[in-house]
Structures are given as C-alpha cells and as structure tokens.
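The structure appears below as structure tokens.
Any read-out appearing in this document is the output of simple, stated calculations on the displayed coordinates, not a laboratory observation. No experiment lies behind these values; they were computed from the predicted model shown.
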Amino acid sequence: MTETRAPFDREHGIIFPPKVRRSNYAYLFAGLSLLLLVGPAFEQVLSPSVSAATTTICFLGTIMIGIWTLIDSTTGFRIGLALAAIAIVSSCLEWWAEMPVFGFVQLGTVMAFLVLSIYHAGRDVIFTNVVDINRLVGAMCIYEMIGIMWALFYTCIVDYSSGAFADDALNASSSFFEFVYYSFVTLTTLGYGDITPAGSFTKALAYMEALVGQLYVAVLVAGLVGAHLAGRRQDKE
C-alpha cells in the first residue's frame with residue numbers, strides 16, 4: 001500500500017513536484033509580462049468598459065499564477081489563497097453592486113498580494129547560497145512587481161488628491177495602464193517628460209521609485225548575475 005503525502009508539510013512546506021518548484025518564478029514572470037502587454041493591447045482596441053473588465057481579469061489571473069511563487073511557505077501560500085479569494089469576491093461585488101468601496105477593497109488586496117510576493121521572492125532570491133536561473137527570473141519578477149505596486153500608489157494619490165500631476169496628465173479617469181506606463185518610465189529613469197508630477201508627495205514617490213530602481217539593478221541583479229557566473233566557472237573547473 002503506497003503512502004500518500006499531505007499537500008502541506010510543516011517541515012518542507014507545500015508538497016509540489018520538483019519541476020514546479022524549480023520553475024515557480026517562470027510562471028509568475030510569464031503572468032506579469034502578459035499583464036503588462038495584453039492589458040494595454042486590449043485597452044487600445046476595446047471599449048472602456050470592456051477593457052476595464054479585461055484589466056481586472058488579467059490582474060486576477062496574475063494573482064492566481066503568483067500564488068505558485070509561495071509554494072515553499074505554507075503560511076504564505078494560505079495567505080495568498082485568501083487574498084486571491086478576497087480579490088475575486090470584491091471584483092464580482094464591484095461589478096454587480098457598482099459600489100466604489102469594493103474597488104478600494106480590490107485595490108488594497110492587490111497591493112497586499114504584491115507586498116507578500118515581493119517579500120517571499122526577495123527572501124528566496126537574496127538569502128540563498130545557490131543562484132540558479134529560477135532565482136534570476138525571481139529577481140526580474142520583483143522588479144516588475146515594484147513597478148506595478150508604484151502604479152497602484154499613483155492611482156491612490158490621484159483618487160484622493162487633485163493636481164497630483166502637471167496639466168492633469170493623470171487623473172481619476174485615466175486608465176490603470178497609463179499609471180503603469182508612468183511608473184516604469186520613472187523606475188527605469190527614462191524620463192520622457194510627457195507626464196510630470198506636481199504635488200510634493202507625488203514628486204517624493206517619483207524620486208523614491210527612481211532611487212529604488214537604480215539601486216535594485218545596480219546592487220541586487222548585478223550581484224546575482226555575478227554570483228551565477230562565478231558558480232558556473234567553478235563547476236567547469
């Protein structure tokens with residue numbers, strides 16, 4: 001009689017096939033990349049109401065994919081499932097009842113999930129003795145999630161404060177992917193200049209995002225790549 005293992009194990013976390021564990025960040029990276037590419041494409045060709053619904057679906061799908069990055073933590077996995085359930089329920093209630101409060105719940109849930117995912121991915125990527133391809137992909141996932149999280153910050157500022165951006169370039173009626181565009185332009189310090197922060201707090205968020213983006217690439221990613229290449233040279237020797 002074969003022994004069946006429980007899906008949760010206190011010592012080893014959640015039991016998943018080794019192949020899934022070795023490529024868990026690849027799934028998240030694919031989901032985030034699709035969100036950042038497919039969402040704006042649908043927004044350009046679909047009506048505003050349909051594109052808004054599509055954006056919500058893409059976000060929920062990304063969260064469901066992102067849950068797999070938490071498979072090494074029983075607590076994190078369960079919290080991720082709970083946040084995903086709250087996001088789905090609040091999205092349905094917002095669509096059905098048309099009450100803004102459910103939109104704020106959904107926004108807060110997505111932010112909480114991003115913070116949770118960044119924390120677990122950062123802990124896995126930074127505090128590790130083995131640097132493999134999966135962890136390098138995890139570092140790229142963190143970078144994308146930082147950009148999306150800052151876009152949510154800008155969205156909250158515009159919802160509660162008028163004149164946050166010069167010439168009202170971003171306002172309450174702007175689509176979410178316009179905030180994503182500005183966030184990644186700031187994170188990568190491209191500085192196109194088509195959208196300019198006006199409020200003091202908005203400016204502070206902008207330069208803090210640029211600082212985080214530069215330090216992240218210069219310190220963490222470069223260090224991980226260097227460690228990975230050094231490990232490969234040692235294996236060859």
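Based on Cα contacts under 8 Å between residues 6+ apart, segment 14-236 shows a relative contact order of 17 percent. Take the alpha carbon gyration tensor of segment 74-217, find the square roots of its eigenvalues, order them as a ≥ b ≥ c, and report rounded if a/c is under 1.5; if not, report prolate when a/b exceeds b/c, else oblate. Taking the square roots of the gyration eigenvalues as a ≥ b ≥ c, segment 74-217 is oblate. Stretched out straight at 0.36 nm per residue, the stretch from A218 to L81 would grow longer than its current Cα-Cα span by 46.0 nm.
Computed from backbone phi with θ = phi - 60° and the Karplus coefficients 6.51, -1.76 and 1.60, the 3J(HN,Hα) list for segment 70-76 is 9, 5, 7, 10, 4, 5, x Hz; x is used for glycine and proline. Close amide H partners of G199, meaning residues 5 or more places away or on another chain with modelled amide H under 5 Å apart, are F165.
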